[in-house]
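Before any comments, here is the structure.
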Amino acid sequence: MDIYEINKNTLAIIPIGYNKSKVIEKDNEFVVNMEPLSIIKYSCEYFGSTYEGRHAGTKSIMNITHKSPIIIEESHNLICFPTTSPRLTGCSWIILNNIKSFNGNHESTDIIFDNNYVLNIGISINSFENQVHRSYMLESLLRKRIENY
């Protein structure tokens, strides 16, 4: 597959080599000939914005400048977050909405998704928990702004 947009079934996007990503969906896994960040950028554009605009929006709402969660599409609460700096080739992206639970240690984290799929990623539980917390804060602050509008 040469192009992919994130949707409500997307669980994670994992780099697997130069210009290739493994996309994990609720009922499917496949390879896309795009780097994870390119999929994020394409998905933002598909839903009418840019990655840079979404990144600036997160900064404006939460004053987060690095490893920022990104709102892909707000009406369906599609929010994702990077596991490391998005500039690094090993950066995976996790879709917040489909996380059921997680556990781990200082070396890795197991993510359990709503469909009971388990994904192990090589970041500490503390880093992962921080990214989840930031993403939920972004979702909450955005929801409050929309409700108050």
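Gyration tensor analysis over the Cα atoms of the chain returns equivalent ellipsoid semi-axes of 22, 18, 15 Å (largest first, whole Å).
Could you check which residue among ARG87, ARG54, ARG134 shows the biggest mean-square fluctuation in a GNM of the chain with a 10 Å Cα cutoff? Judging by the Gaussian network model, the answer is ARG87.
Full extension of the chain between SER60 and ASN115 yields a length gain of 16.4 nm, computed as 0.36 nm times the residue separation minus the alpha carbon distance.
The lysine pair tally for segment 10-148, using Cα distances under 27 Å and a gap of 8 or more places or different chains, is 19. Spatially, segment 83-122 and segment 18-35 are offset by 15 Å when compared through their Cα centroids. Across the chain, the relative contact order, built from alpha-carbon pairs under 8 Å that are at least six residues apart, equals 18 percent.
Residues of segment 32-52 with an amide N closer than 12 Å to a point placed 7 Å from the Cα of GLU5 along the Cα-to-Cβ direction: 42-49.
With semi-axes defined as the square roots of five times the eigenvalues of the C-alpha gyration tensor, the equivalent ellipsoid of segment 48-112 measures 22, 15, 10 Å, largest first.
In the chain, the DSSP-assigned H stretches of four residues or longer account for a calculated mean residue ellipticity at 222 nm of -10500 deg cm²/dmol, using -39500 (n - 2.57) per stretch and the full residue count as denominator. Computed over neighbours whose Cβ is under 13 Å from that of ARG134, the net charge equals 0, Lys and Arg +1, Asp and Glu -1.
Bear in mind these aren't lab numbers, they're just calculated from the coordinates by the rules spelled out. Please read these numbers as outputs of a predicted model, since none were measured by experiment. Backbone-built Cβ (ideal geometry, glycine too); neighbour counts: all protein chains shown.
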